[in-house]
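FYI, it's all coordinate maths here, none of it is from the lab. These figures come from a predicted structure and were not determined experimentally. Cβ: placed from backbone, ideal geometry, glycine included. Neighbour counts: every protein chain shown.
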Amino acid sequence: MPPKEPPVGRPVDPTAGPPAALERLRTLCLALPGCEERVSHGEPSWFAGGRRMFVTFADHHHDDRTACWTAAPAGVQEHLVATDPERFFRPPYVGHRGWVGVYLDRPVDWPHLADLLLEAYRLTAPARLRAALDEQA
């Protein structure tokens, strides 16, 4: 079967795609102290201290897009989705808790995503890991 073409009108990052995006996301997450990766709901996911998930990869999980879903402080999801809906969305299942979806199949502002991941980690990590993170800085 030939590869599926992206829908017309959606700019696609040729250096992105599931493998490249997943590796870059993995590198960012695993750089955080005590971060563990394991599969949750069929997708690679990252947990602070092995307990609380703070981000999950979504490779065509509920649509034809590659994205990640990340925990976010109150109000962040609404702001990002309202100001840049081409890059951010309210993900299914966790969106009602304020999580934000970030499309990874288009040009990604990786430094901004790294900041979002750091915020998500701080929201979910136990105090000892937050302290370890502060010591790294």
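List the chymotrypsin sites (Phe, Trp or Tyr not before Pro) within segment 82-121 that fall in a DSSP loop (any state other than H, G, I, E or B) and whose Cβ has at most 13 other Cβ atoms within 10 Å.
Listed in order of number, the matching sites are Tyr93.
Taken along the Cα-to-beta-carbon direction at a fixed 7 Å, the label points for Ala114 and Arg38 span 2.8 nm. Taking amide H as placed 1.01 Å from N in the peptide plane, Thr66 has its amide H under 5 Å from the amide H of His60, Leu104, Asp105, each at least 5 places away in sequence or on another chain.
The GluC sites (Glu not before Pro) of segment 36-137 that DSSP puts in a loop, and whose beta carbon has at most 10 other beta carbons within 10 Å, are Glu86.
Kindly state, as a whole number, the per residue volume in cubic angstrom of the convex hull around the alpha carbon atoms of segment 76-137.
Working: hull volume 6.1 nm³, N = 62.
Taking only Cα atoms, segment 76-137 has a hull volume of 98 Å³ per residue.
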